[in-house]
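Student: Here it is, the structure, as structure tokens.
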Ligand SMILES: CC(C)(COP(=O)(O)OP(=O)(O)OC[C@H]1O[C@@H](n2cnc3c(N)ncnc32)[C@H](O)[C@@H]1OP(=O)(O)O)[C@@H](O)C(=O)NCCC(=O)NCCS
């Protein structure tokens, strides 16, 4: 198996308006795989910029910056609008195809796990589409447990897809 080794320092920083294009391009790339998300693409520049600008304080987006190139992004968002689920966030990690398999996804998910308590979250939940082996491996490797599988939870290009729910309780996992 080919193992790509990062050769430059990678930094995680909060996404700014200038990152909208790179974030959107990585997202569109993942949409095209059919196993990453139910979202439909591609998105134009205005949609990407509006999406980023509309994120609230508790729904931050970070980018993984490799010497000036954005090679991935990660985000948190409230799991529910109900106040009693205030401490539960859904996480998202997207890495560009050329940077996958180099530890980038792990670096970003570690950052989300480390930052979430500062935003008042006590649990992270992930929704992994059927066939997304990398997404499941990433979560398992960080100690997420599989809650169960929603059957035919959505569809990609007309085909029903299951979704496996994973969770990590940030206080109990310590
Ligand atoms: C899922 C994703 C974020 C993983 O990022 P990555 O940079 O390739 O992952 P890493 O190199 O950090 O590897 C993380 C773990 O996944 C495993 N892994 C990576 N690719 C894999 C694959 N194709 N199949 C099985 N396991 C895989 C690695 O061995 C590693 O395991 P470990 O933690 O036990 O060592 C990336 O594939 C991606 O962006 N996919 C599209 C978007 C997506 O599906 N996001 C997940 C849902 S939010």
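Student: Among the candidates 74, 106, which residue alone is within 15 Å of the ligand (Cβ to nearest atom), part of a strand (DSSP E or B), under 19 Å from residue 170 (Cβ atoms) and modelled with pLDDT of 95 or more?
Tutor: On the way: 106 fails: part of a strand (DSSP E or B).
Among 74, 106, only 74 is within 15 Å of the ligand (Cβ to nearest atom), part of a strand (DSSP E or B), under 19 Å from residue 170 (Cβ atoms) and modelled with pLDDT of 95 or more.
Student: Which residues, counting only those in region 12-40, are surrounded by 15 or more Cβ atoms within 10 Å (Cβ to Cβ), without any contact (Cβ under 8 Å) to a residue 60 or more places away in the chain and not in a helix (DSSP H, G or I)?
Tutor: Of everything in region 12-40, just one residue is surrounded by 15 or more Cβ atoms within 10 Å (Cβ to Cβ), without any contact (Cβ under 8 Å) to a residue 60 or more places away in the chain and not in a helix (DSSP H, G or I), namely 15.
Student: Using the structure shown, decide if residue 124 is within 21 Å of residue 148 (Cβ to Cβ), more than 9 Å from the chain's Cα centre (by Cα) and within 11 Å of the ligand (Cβ to nearest atom). So that I can check it myself, show each step before the final result.
Tutor: On the way: within 21 Å of residue 148 (Cβ to Cβ): yes; more than 9 Å from the chain's Cα centre (by Cα): yes; within 11 Å of the ligand (Cβ to nearest atom): yes.
Spelling it out, residue 124 is indeed within 21 Å of residue 148 (Cβ to Cβ), more than 9 Å from the chain's Cα centre (by Cα) and within 11 Å of the ligand (Cβ to nearest atom).
Student: Now, a different point. Being near the ligand (Cβ under 8 Å from one of its atoms) and surrounded by fewer than 19 Cβ atoms within 10 Å (Cβ to Cβ) is the filter; apply it to region 128-141 and report the residue that is farthest from residue 155 (Cα to Cα).
Tutor: It comes out as 141.
Student: Can you spot a residue in region 80-88 that is in contact with a strand residue (DSSP E or B) (Cβ under 9 Å, 6 or more places away or on another chain), surrounded by 15 or more Cβ atoms within 10 Å (Cβ to Cβ), under 24 Å from residue 48 (Cβ atoms) and at pLDDT 95 or above?
Tutor: Residues of region 80-88 in contact with a strand residue (DSSP E or B) (Cβ under 9 Å, 6 or more places away or on another chain): 80, 85-88.
This time we only want the ones that are surrounded by 15 or more Cβ atoms within 10 Å (Cβ to Cβ), so: 86-88.
Still in the list and also under 24 Å from residue 48 (Cβ atoms): none.
Scanning region 80-88 turns up no residue that is in contact with a strand residue (DSSP E or B) (Cβ under 9 Å, 6 or more places away or on another chain), surrounded by 15 or more Cβ atoms within 10 Å (Cβ to Cβ), under 24 Å from residue 48 (Cβ atoms) and at pLDDT 95 or above.
Student: Also, quick follow-up: Pick out the one residue from 131, 158 that is at pLDDT below 95 and over 17 Å from residue 91 (Cα atoms). Before you say what the answer is, go through the steps one by one.
Tutor: Values: 131 fails: at pLDDT below 95.
So the residue among 131, 158 that is at pLDDT below 95 and over 17 Å from residue 91 (Cα atoms) is 158.
Student: What's the total number of residues in region 32-60 that are touching a strand residue (DSSP E or B) at 6+ places or on another chain (Cβ under 9 Å) and closer than 18 Å to residue 135 by Cβ?
Tutor: Qualifying residue count for the region: 5.
Student: Follow-up. For region 77-103, what are the residues that are within 14 Å of the ligand (Cβ to nearest atom), closer than 23 Å to residue 172 by Cα, free of Cβ contacts under 8 Å to residues at least 40 places away in the same chain and touching a helix residue (DSSP H, G or I) at 6+ places or on another chain (Cβ under 8 Å)? Give the steps one after another, and end with the answer.
Tutor: At the first step, the residues of region 77-103 found to be within 14 Å of the ligand (Cβ to nearest atom) are 77, 79, 89-103.
In the following step, the residues that additionally are closer than 23 Å to residue 172 by Cα were identified as 77, 79, 89-93.
Next cut, free of Cβ contacts under 8 Å to residues at least 40 places away in the same chain only: 77, 89-92.
Result: 89, 91.
Student: Could you list, in sequence order, the residues of region 149-167 that are loosely packed, with under 11 Cβ neighbours inside 10 Å and touching a strand residue (DSSP E or B) at 6+ places or on another chain (Cβ under 9 Å)?
Tutor: Step one: of region 149-167, the residues loosely packed, with under 11 Cβ neighbours inside 10 Å are 151, 155, 157-159.
Hits for region 149-167 are 151, 155.
Student: What are the pairs, 6+ residues apart or on separate chains, where a residue within region 122-142 that is free of Cβ contacts under 8 Å to residues at least 40 places away in the same chain has its Cβ under 9 Å from a residue that is assigned to a helix (DSSP H, G or I) and more than 7 Å from the ligand (Cβ to nearest atom)?
Tutor: 128/136; 128/139; 139/109; 141/109; 142/109; 142/110; 142/113
The values are calculated or read from the model by the stated rules, or taken from the named source; none is laboratory data. Predicted model, so just to flag it, every value in this text is computed and none were measured. With ideal geometry, Cβ positions are generated from the backbone for all residues, glycine too; neighbour counts draw on all protein chains shown.
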